[in-house]
1. Apply the a/c threshold of 1.5 to the C-alpha gyration tensor of the range 204-280 and tell me whether it is rounded, prolate or oblate.
2. Which listed residue (Leu35, Thr5, Phe83) has the Cα farthest towards the positive end of the charge dipole for the range 5-115, taking +1 on Lys and Arg C-beta and -1 on Asp and Glu C-beta about the Cα centre?
3. Using the Cα centre as the reference, give the magnitude of the dipole from point charges on the C-beta atoms of the range 148-312 (Lys, Arg: +1; Asp, Glu: -1; all else neutral), rounded to the nearest 20 debye.
4. How do Glu6, Glu189 rank when sorted from fewest to most other Cβ atoms within 10 Å of their own Cβ?
5. 7 Å from Cα along Cα→Cβ at both Arg20 and Asp85: what's the point-to-point distance in nm?
6. Tally Lys and Arg at +1 and Asp and Glu at -1 over the other residues with C-beta under 15 Å from the C-beta of Leu279: what net charge comes out?
7. So for the range 174-315, considering every pair of alpha-carbon atoms, how many percent are separated by more than 21 Å?
8. Modelled label-to-label distance, His28 and Ala191, 7 Å Cα→beta-carbon offset: nm?
Amino acid sequence: MEIDTEAWFAVAAAAHGHDRPSTPAPEHAAEAGRLKVRSPRSRSAVFALPATGGYAGVALLRLFGTTENAKNAKNATTATTAFLDTFTVHPGRRGRGAGRALWDEVRARLAAEGRTSVSAMVQRGGAGEEFALSRGAECALPMAAYVQEVREVPAEPVPPPPGYRFLAWTGLVPDEHALAHARAHDAMEDAPAGDLDLHRDPWDPERIRAAARLVRDRGGVLLTVAALAEADGAIAGYTELVLPTPASVRAVQYDTVVVPGHRGRGLGRAVKLRMLAYLRAERPGVREIVTTVADANGPMRAVNAGLGYRADSAVGMYQLRL
């Protein structure tokens with residue numbers, strides 16, 4: 001369907017102001033980018049409930065286009081799951097059946113696509129969780145959101161551990177490091193996934209570039225810091241930050257990965273500290289970083305605690321098997 005971007009953003013902004021008034025507001029350009037530029041690895045289905053003067057509720061469903069997220073499908077040749085990226089009802093329209101009507105549309109599309117499960121990130125302990133549970137969803141991966149205040153971390157030079165050197169870039173990975181970066185991405189395979197119907201497809205240089213281009217084409221900025229092993233040129237660990245727009249004051253932590261053979265040497269902490277220095281130099285207007293970490297990921301929680309991240313809210317990946 002044709003979406004009115006202004007009406008969509010009005011719902012997102014009103015819901016945020018009602019539900020999370022103390023956190024940075026959504027940015028119009030970032031919302032517009034998500035709607036207009038689709039992921040190369042999935043199709044997007046958008047839903048909007050018309051109401052006087054705009055929309056009562058909006059939803060964005062990602063329909064995976066490969067066998068990624070299909071581990072429970074026997075001999076699957078097409079994706080069998082989906083991710084509910086957005087499901088929001090305007091505060092002024094809540095309690096009138098808008099959420100139920102919106103979900104009925106989403107559910108019908110899932111059935112038409114032959115999907116066997118759908119997941120979504122949900123705030124635990126709130127109305128969103130209550131709605132998800134009432135539809136039969138379960139928390140497949142308990143998580144928490146954490147926030148780091150950039151100015152509270154000392155701005156000191158950060159040397160790499162012996163045997164490594166830092167690389168830093170904005171946007172697409174340099175060609176000479178693309179293959180090594182793809183191999184390092186595959187180390188995410190052992191990250192906690194709970195009971196999610198999750199299968200991670202292998203990374204290659206073109207997938208790495210496509211992910212970076214998607215951030216750029218949606219109007220965002222991707223920053224990467226990596227630790228390069230001097231012995232063989234492999235990327236031993238890396239961390240990524242995304243600014244939804246160049247003017248964003250809050251950055252979003254994407255992956256932080258240390259390759260198994262290089263763990264136990266402080267690389268996770270080192271690349272994140274080096275990223276803070278790079279962020280201050282490249283984007284001095286950023287005030288804070290937000291990240292989500294699985295409750296089961298003890299090592300990353302420990303690294304973040306040592307860097308001053310504070311727990312912000314309890315969230316979870318909720319999954320409904322259809």
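What follows draws every value from the coordinates through simple rules; no lab data is involved. Nothing here was measured: the structure is a model prediction, and the numbers come from that model. Every residue, glycine as well, gets a Cβ built from its backbone with ideal geometry; the counts of neighbours run over all protein chains shown.
1. The shape class here is oblate.
2. With unit charges placed on the Cβ atoms, the residue in question is Phe83.
3. My answer is approximately 600 debye.
4. With the sparsest Cβ surroundings first, the list reads Glu6, Glu189.
5. 1.6 nm
6. Here the count lands on +1.
7. That tail contains 45 percent of the Cα-Cα pairs.
8. With each label point 7 Å from Cα toward Cβ, the separation is 3.3 nm.
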